[in-house]
Amino acid sequence: MNRRVFLGALGTVASLGTIGYATRDTVDRLDVRVWLTERAAEYDAVTTRIRDYLGRILDLDHWTLDLSIGGVVPVSTEDGARVTNRGEWPRAVAAGAIGRRDIEPAADVNLLVTDGQMEDAPTGYGVPHVASVGGARYIATLPPFDELIASTSAAERSRKIVPNTTPTRTMQVLVHEVGHALGLTHEHGVAYRYGDSIVASPMLSSYAWSPAYDGDESACGTSYPDPDGLDRKLSLVFSTCTRRALAEYNGSLTA
């Protein structure tokens, strides 16, 4: 599948002419900020669960994670993909960077969580430094990260393998879109067989068993197993291939 292009945000950058992309030699602090739409903010546990899960999944050795909540943003749609791929959320982030909106962008990832549907793809969208995803109501029903992992088998715990439910899939899609905001592609994800299951990591996610997906191996050369007849499960940790790419990340949004 082709890499997502920088649609709305690129148009905003070109029109405003005041936001650029810089690189740093190394990234030792990853700056991530999360906003909610007005409907998403109605679910009390949403920000708690996002902090918990993202805090664990993005806690990698090569940086310190600075994860913050930006507040509530009014939008015209709760569609988790459309709000970014049609440019509304990227424009809001860009306007905030030059003081035209009450939004203070983070240097690395600006994530908007909506109450959009999670049944029919696309359910989220990610471009450099900007991402959005639906499913706030499902995120709110997740147990704490450690409790979810403890509920799995002993063999699955070390790999952070979880059942493929709507809440767990929603959280994995959220992480998937954050990965796109950091420049990752679907090919950085992996799928592997584990007993009678096929397990998909965040950057591949359910593409691992989608007939429409035309990839057959990851960017690191590992092959994807045939999903036919296998139980579908999700991993809540980035693959080794993903972690290698993230170790080289050096981009930032600057005003």
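The values are calculated or read from the model by the stated rules, or taken from the named source; none is laboratory data. The structure displayed is predicted, hence computed values, not measured ones. FYI the Cβ positions are ideal-geometry reconstructions off the backbone, even for glycines, and counts take in every protein chain you see.
Taking (1) at pLDDT 95 or above; (2) more than 19 Å from Thr37 (Cα to Cα) in turn, Ser158 satisfies each apart from (1).
Exactly one residue among Trp89, Trp63 is aromatic (Phe, Trp, Tyr), farther than 22 Å from Tyr249 by Cα and in contact with a strand residue (DSSP E or B) (Cβ under 6 Å, 6 or more places away or on another chain), and that residue is Trp89.
Residue-wise test of (1) over 14 Å from Gly70 (Cβ atoms); (2) more than 19 Å from the chain's Cα centre (by Cα); (3) assigned to a loop (DSSP other than H, G, I, E, B).
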| site | (1), (2), (3) |
| --- | --- |
| Val83 | yes, no, no |
| Pro90 | yes, no, no |
| Ala95 | no, yes, no |
| Arg100 | yes, yes, yes |
| Ile103 | no, yes, yes |
| Ala106 | no, no, yes |
| Leu112 | no, no, no |
| Glu119 | yes, no, yes |
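Contact annotation: residue pairs with Cβ atoms under 9 Å, 6 or more positions apart or on different chains, pairing a residue in the stretch 117-140 that is at positive phi with a partner that is in a strand (DSSP E or B) and modelled with pLDDT of 95 or more, are His129/Val109; His129/Asn110; Gly135/Val113; Gly135/Gly124. Pro143 meets each of the listed conditions (1) more than 20 Å from Ile198 (Cβ to Cβ); (2) touching a helix residue (DSSP H, G or I) at 6+ places or on another chain (Cβ under 6 Å) apart from (2). Out of Pro128, Pro105, Pro122, one residue alone is touching a Gly at 6+ places or on another chain (Cβ under 6 Å) and within 24 Å of Gly183 (Cα to Cα). It is Pro105.
Can you tell me which residue in the stretch 43-77 is modelled with the lowest pLDDT, limited to those that are surrounded by 13 or more Cβ atoms within 10 Å (Cβ to Cβ) and assigned to a loop (DSSP other than H, G, I, E, B)? Among residues in the stretch 43-77 that are surrounded by 13 or more Cβ atoms within 10 Å (Cβ to Cβ) and assigned to a loop (DSSP other than H, G, I, E, B), the one modelled with the lowest pLDDT is His62.
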